[in-house]
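Engineer: Okay, here's the structure, questions in a sec.
What follows draws every value from the coordinates through simple rules; no lab data is involved. Please read these numbers as outputs of a predicted model, since none were measured by experiment. Backbone-built Cβ (ideal geometry, glycine too); neighbour counts: all protein chains shown.
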Amino acid sequence: MQQTINGLAVGSTYALLGVGVTLVWGVLGILNFAHAQILTWGSFAALAALRLGLPVPVAILVGMVTAGVLSVLLDLFVLSPLRARKAPEFSFVVATIGVALVLTTVLRTYTDAQTEAFPRQGFPVGAFEIAGQNVPRLQVVMLAIAVVAMAALAFWLNRTRSGRAVRAVAYNRETAELLGVNSQLVFSICFFVAGALAAVAGIFVAASAAQVSYSSGDGLLLVAFAVIILGGMGSVKGAIIGGLVLGVVEVYATSYVSSVFREIIAFAIILAVLVARPSGLFGKKEAARV
Amino acid sequence: MTALLELSGVSKHFGGMKAVDDVSFTVRQGAICGLIGPNGAGKTTVVNLISGYLKPTAGTITLDGTNVSELRPHRLAAAGVARTYQNLQLFEESTVLENVLIGRHLSFKGRRWQMGRTRRREEAEQHEVARRLIDRVGLTDVIDADVAELSYGMRRRVEIARAMATEPRLLLLDEPTAGMNRTESDEIGELIQSINAEGVTVLLVDHNVRLVTEVCHRVVVLDWGRVLTEAGPTEVWQDERVKTAYLGSHDRHAVEAPDAGR
Amino acid sequence: MFDWLEPLTLFRLDTALILTLLVVSVHVTFRVGIMSLAPMGFAAVGGYTAAIIATKTELPFAAGLLAATVLAGVIGALFAPPVLRLRGIYMALGSLALAQAIVVLIRISDFTNGPNGIAGIPVEVKTEYLIVALAVAFVVLELGHRSHFGRAAKAVRLDERTAEGLGINVFRVRFVAFTSAAAIAGCAGALEAHRTTVISPDQYGFATLVIVFTYVLVGGNGHWAGPVLLTWGLTILRDLLQVAGSHWEDIIYGVLLVVVLLVAPNGLSDRSLYRGLRRRLRGRTSPTPPTIEEPAEKVASR
């Protein structure tokens with residue numbers, strides 16, 4: 001039982017990551033390889049806020065805004081000009097890789113490659129007792145917040161005007177523009193949301209581990225990609241389910257097999273899904289294969 | 001009569017949609033066969049099936065007695081099937097000569113690591129063959145021009161030269177005169193006939209009624225993915241069903257058998 | 001032969017030459033249009049194979065080098081069928097997953113000494129060997145470039161489906177390119193291991209990938225000399241500026257990559273770049289390129 005909750009908590013972190021990435025993919029058709037670094041910057045921003053004595057919720061907010069703004073800047077100054085030049089798909093991938101490198105290096109220089117302690121005060125500590133087992137409070141809260149965030153996202157996408165605009169642009173950008181939607185604004189909103197959600201995930205990971213470093217995000221990048229490939233690229237529902245599944249599988253696998261295999265699982269899933277069913281669980285059957 | 005190409009009960013379904021439904025027809029060796037029909041009738045799908053870009057859901061495609069239904073495009077090219085594309089698919093960032101030379105790929109016998117005189121001689125020979133093909137379609141003056149600088153009509157001719165470079169037995173032309181004026185399409189017609197005179201069998205998909213009537217020996221009519229009829233180029237226009245397919249059921253008298261000017 | 005150079009300069013020269021080999025590997029895949037993020041994985045395979053053979057067996061250096069190259073090639077060949085069937089972003093992800101999986105396997109495995117890497121690899125690589133190796137590579141590249149195989153590669157890159165319709169076995173072209181690029185990357189990894197004497201899993205990450213990609217993208221797809229000359233030029237420049245090894249280098253490369261992509265999304269050898277430039281230099285006002293039309297009379301007389 002504890003494993004399952006643990007798995008779900010971890011999975012919800014992954015789901016938050018995946019949802020952001022799939023949102024950007026579904027609307028813009030690009031994968032942001034700088035996503036992980038951006039969320040690490042968000043974690044560090046939250047750390048700075050906490051050190052200033054700000055309460056935890058505010059610190060989380062600071063982290064979210066930082067990551068969101070970084071994402072938007074990436075889009076405005078790098079990706080949008082590329083779009084205007086009708087650059088080939090690979091250019092976007094490489095451009096985000098380049099930005100990731102810059103962000104990593106700056107952060108590494110700034111922190112002297114040291115791992116910083118992430119304070120846990122203010123975060124839920126201790127454990128709940130559920131069904132006779134001790135479940136860490138932090139995990140449960142993480143799970144709860146993630147669920148709320150995803151529900152809010154789903155509500156926004158499906159029930160609000162701006163959310164519908166996002167879906168319209170995802171479906172067909174030109175038509176949406178003809179109908180008066182400002183697609184650049186939609187892109188910026190999507191990037192902001194993606195960054196903010198990822199920051200939440202990153203902050204919780206940092207709080208769980210009680211530490212954060214410039215390379216904290218690296219492992220998460222491929223996890224995010226694994227999540228969306230598993231769930232189907234472009235599907236928010238798929239990202240949520242994919243993330244939860246991946247989290248649970250990982251936790252169970254590491255407890256029964258060996259903890260070293262944790263990192264392998266994400267890659268194994270990516271490769272297996274790409275070979276067997278590239279469109280994932282809920283994705284559109286686009287021309288992923290020839 | 002030797003049949004070079006035979007389609008037998010060929011169907012292509014995409015999910016629930018039947019793009020091509022139980023199509024059967026034969027193309028005689030050495031003939032120019034027209035494939036016509038209103039937009040969406042499935043003509044390009046048929047061409048894609050013959051050239052190996054699609055696999056039939058049912059039925060067989062036979063080339064000179066051999067079942068080629070499952071073959072991939074490069075094998076079909078090696079078997080002597082070449083095609084042009086409705087949307088014109090030339091290699092950009094390349095010259096006319098380079099485009100046609102890629103068509104010569106199959107006939108390069110030398111291994112890639114062969115150096116020296118043998119290779120140089122083969123290169124020279126292939127260049128010469130390409131040059132002759134380019135002369136044939138009337139593009140000698142622009143042989144070294146980047147294809148992006150050419151007019152639409154010239155680009156179409158490059159594509160035909162490139163297809164001919166593979167020395168095909170069967171040439172599939174998918175709307176080669178789309179968007180051309182009368183003079184240009186007449187030239188293409190002459191080109192097709194001269195290619196045919198060399199023994200190349202041609203399957204011509206086109207909306208140009210004049211061209212089809214003038215140049216084709218037989219015409220197959222498709223509508224809604226099925227064969228409507230198969231007849232000679234003048235008789236086919238007298239068929240009521242063909243008129244209806246093109247014009248709808250109200251204006252049947254508006255189409256007269258075009259004066260072929262023979 | 002090169003003893004008159006300072007040891008540090010010699011080291012940098014060797015590093016540049018090995019980097020060139022890696023650039024060649026990536027260039028080969030780009031020439032056929034394969035957008036793979038896997039090269040560092042194959043370099044890791046090569047580096048570790050050579051290192052393990054050198055430190056744990058009595059086999060000579062040449063055997064280690066050969067084994068590294070072959071093993072990298074074999075792994076490339078094994079994963080080529082699934083990876084090559086993917087397109088666009090899926091291919092980028094699949095190849096990245098493959099490379100990262102290799103690195104992670106190395107990091108967690110005791111056999112490879114885990115995250116600590118392997119040290120004490122004997123220095124076997126002399127500059128002369130590197131020059132010979134590169135010379136061979138260049139000759140092969142040039143022969144390929146001028147042959148029908150080179151034309152076929154370009155056709156596959158530009159438009160696979162049309163190339164296939166003209167008789168080119170697209171899968172085989174890409175398979176050969178992917179596998180030989182893997183082997184070359186493995187060879188580069190092995191050479192590097194024997195030059196720097198220490199390897200660890202962390203050196204096979206994004207940083208080198210970005211540098212190599214910068215050179216290949218900027219150098220363009222037209223001719224192998226583009227990326228190679230660019231590699232040499234920028235390496236010399238880097239040494240002159242003496243920022244080698246500092247933090248700024250990575251940042252500059254990252255920024256440079258982005259800037260290049262903005263200016264020339266298709267690489268610097270893209271002809272359309274220069275056409276636009278030429279037109280503007282000639283002062284034309286019309287945006288459409290002049291089309292060449294034949295006079296009607298000329299045609300009618302054929």
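Engineer: May I ask what percent, to the nearest 5, of DSSP beta bridges between residues of chain B are antiparallel? Let's see the in-between values first.
Structural biologist: Working: 21 of 37 bridges.
The answer is about 55 percent antiparallel.
Engineer: Mean 1/r over all different Cα pairs, inverted: what Kirkwood radius does the protein assembly as shown give, in Å? Before the final figure, lay out each step's value.
Structural biologist: Details: mean 1/r = 0.0332 Å⁻¹.
For the protein assembly as shown, inverting the mean 1/r across all distinct Cα pairs yields 30.1 Å.
Engineer: In nm, to one decimal, how far is the residue B:128 label point from the residue B:14 one, both placed 7 Å along Cα→Cβ?
Structural biologist: 4.6
Engineer: Using a 10 Å cut-off on Cβ to Cβ distances, tally the other chain neighbours for every residue of C:149-160 and report the average as a whole number. Let's see the in-between values first.
Structural biologist: Numbers: counts 5, 1, 9, 4, 0, 5, 8, 1, 2, 7, 5, 2.
Across C:149-160, the average partner-chain Cβ count within 10 Å equals 4.
Engineer: Further question on the same structure: What's the magnitude of the charge dipole for region B:158-213 around its Cα centre, counting Lys and Arg as +1 and Asp and Glu as -1 at the beta-carbon? Answer in Debye, nearest 20. All intermediate terms of the calculation are to be shown ahead of the outcome.
Structural biologist: Details: 4 positive and 10 negative charges, 20 e Å.
Result for region B:158-213 is approximately 100 debye, rounded to the nearest 20.
Engineer: For Cα pairs less than 8 Å apart in space and 6+ apart in sequence, what is the mean separation divided by the residue count of region B:91-167, i.e. the relative contact order in percent?
Structural biologist: Numbers: 79 pairs, mean separation 40.9, N = 77.
It comes to 53 percent, rounded to a whole number.
Engineer: With each pseudo-label sitting 7 Å past Cα toward Cβ, what's the residue A:174-residue A:76 distance in nm, one decimal?
Structural biologist: Going from the residue A:174 label point to the residue A:76 one covers 2.8 nm.
Engineer: Find which of C:68, B:140, C:80 sits farthest along the positive direction of the dipole of the protein assembly as shown, computed with +1 on the beta-carbon of Lys and Arg, -1 on that of Asp and Glu, about the Cα centre.
Structural biologist: C:80
Engineer: Between residue B:178 and residue B:78, what is the label-to-label distance in nm when each label sits 7 Å out along the Cα-to-Cβ direction?
Structural biologist: For residue B:178 paired with residue B:78, the spin-label model returns 3.0 nm.
Engineer: Given +1 on the Cβ of Lys and Arg, -1 on the Cβ of Asp and Glu, and no further charges, what dipole in debye does the protein assembly as shown carry about its Cα centre, rounded to the nearest 20? Let's see the in-between values first.
Structural biologist: Values: 75 positive and 67 negative charges, 111 e Å.
Value, rounded to 20: 540 debye.
Engineer: Rank the residues C:156, C:216, A:251 as a footprinting-exposure proxy: fewest other Cβ atoms within 10 Å of their Cβ go first. Write down the numbers at each step before the final one.
Structural biologist: Values: C:156 26, C:216 29, A:251 21.
Result, fewest neighbours first: A:251, C:156, C:216.
Engineer: For residue C:280 and residue C:236 in one chain, what is 0.36 nm times their gap in residues minus the Cα-Cα distance, to one decimal in nm?
Structural biologist: Numbers: separation 44, 0.36 × 44 = 15.84 nm, distance 3.26 nm.
Gain in length upon complete extension: 12.6 nm.
Engineer: Here's a follow-up. List the extent of the Cα atoms of region B:143-235 along each of their three principal axes, largest first, rounded to whole Å.
Structural biologist: Principal axes ranked by extent give 44, 27, 24 Å for the Cα atoms.
Engineer: Also, quick follow-up: First measure r as the distance between the Cβ atoms of residue B:55 and residue B:3, then evaluate 1/(1 + (r/R0)^6) with R0 = 25 Å and state the FRET efficiency to the nearest 0.05. Intermediate values should be presented prior to the final figure.
Structural biologist: Details: r = 21 Å, r/R0 = 0.86.
Computed FRET efficiency for residue B:55 and residue B:3: 0.70.
Engineer: Which one of A:82, C:200, C:232 is farthest out on the positive end of the charge dipole of the protein assembly as shown, using unit charges on Cβ (Lys, Arg +1; Asp, Glu -1) and the Cα centre as origin?
Structural biologist: Of the listed residues, the answer is A:82.
Engineer: Multiply the residue gap between residue B:217 and residue B:117 by 0.36 nm, knock off their C-alpha separation, and tell me the result in nm, one decimal place.
Structural biologist: Working: separation 100, 0.36 × 100 = 36.00 nm, distance 4.65 nm.
Taking 0.36 nm per residue and subtracting the Cα distance, the gain is 31.4 nm.
Engineer: Neighbour counts of other C-beta atoms within 10 Å: give me C:4, B:237 arranged from fewest to most. Numbers along the way, then the final one.
Structural biologist: Working: C:4 6, B:237 22.
Ascending Cβ contact count within 10 Å gives the list C:4, B:237.
Engineer: Compute the convex hull volume of the Cα atoms of region A:176-268, divide it by the residue count, and report the result per residue in Å³ as a whole number. Don't jump to the answer; show the numbers that get you there.
Structural biologist: Numbers: hull volume 10.4 nm³, N = 93.
Roughly 112 Å³ of hull volume per residue.
Engineer: Follow-up question, since we're still on this one. Please work out the FRET efficiency for the pair residue A:255 and residue A:277, using the Cβ-Cβ distance as r and a Förster radius of 35 Å; give the result to the nearest 0.05.
Structural biologist: Values: r = 27 Å, r/R0 = 0.78.
According to the calculation, E is roughly 0.80.
Engineer: Which ordering of B:194, A:71, C:200, C:36 is given by a fewest-first count of other beta-carbon atoms within 10 Å? Please report the intermediate quantities before stating the final value.
Structural biologist: Numbers: B:194 11, A:71 30, C:200 18, C:36 27.
Going from least to most buried by this count: B:194, C:200, C:36, A:71.
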